Amino acid sequence: MDKQRIFFAVIKKGEIAYVAYCPELGVTSQGSTEKKARKNLKEAIELYLED
């Protein structure tokens, strides 16, 4: 059974793209829209937790 974990995300609009940051893990990502930044951060967190 997969465990589900919840992390906070801080998303800010930068000059060029949206920047998404997870303060608990120190993982950062970005995207051209807020939705893409959130999706990219989710993928980055999943990769981070695989190790």
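General observations
- Neighbour cut-off at most 13 other Cβ (10 Å), DSSP loop, trypsin sites (Lys or Arg not before Pro), the chain: Lys3, Arg5
- Spatially proximal lysines relative to Lys36 (Cα-Cα < 18 Å; intrachain offsets below 8 disregarded): Lys12, Lys13
- At most 10 other Cβ within 10 Å, DSSP loop - chymotrypsin sites (Phe, Trp or Tyr not before Pro), the chain: Phe8
- Dipole moment magnitude, nearest 20 debye, the chain about Cα centre, only Lys, Arg, Asp, Glu C-beta charged: 300
- Relative to the longest principal axis of the Cα atoms of the chain, the long axis of helix 34-50 makes an angle of roughly 30 degrees.
- Separation of region 31-51 from region 2-19 is 7 Å, based on Cα centroids.
- Per the Debye calculation on the chain with a single equal scatterer at every Cα and no solvent contribution, log₁₀ I(q)/I(0) for q = 0.16, 0.29 Å⁻¹ amounts to -0.42, -1.10.
- The simple spin-label model puts a point 7 Å past each Cα toward its Cβ; for Lys39 and Glu15 those points are separated by 2.7 nm.
- Net charge contributed by nearby residues that have their C-beta within less than 9 Å of Val19 (K/R +1, D/E -1): +2
No lab work stands behind these numbers, since they all come straight from the coordinates. Computed from a predicted structure; not experimentally measured. Cβ: placed from backbone, ideal geometry, glycine included. Neighbour counts: every protein chain shown.
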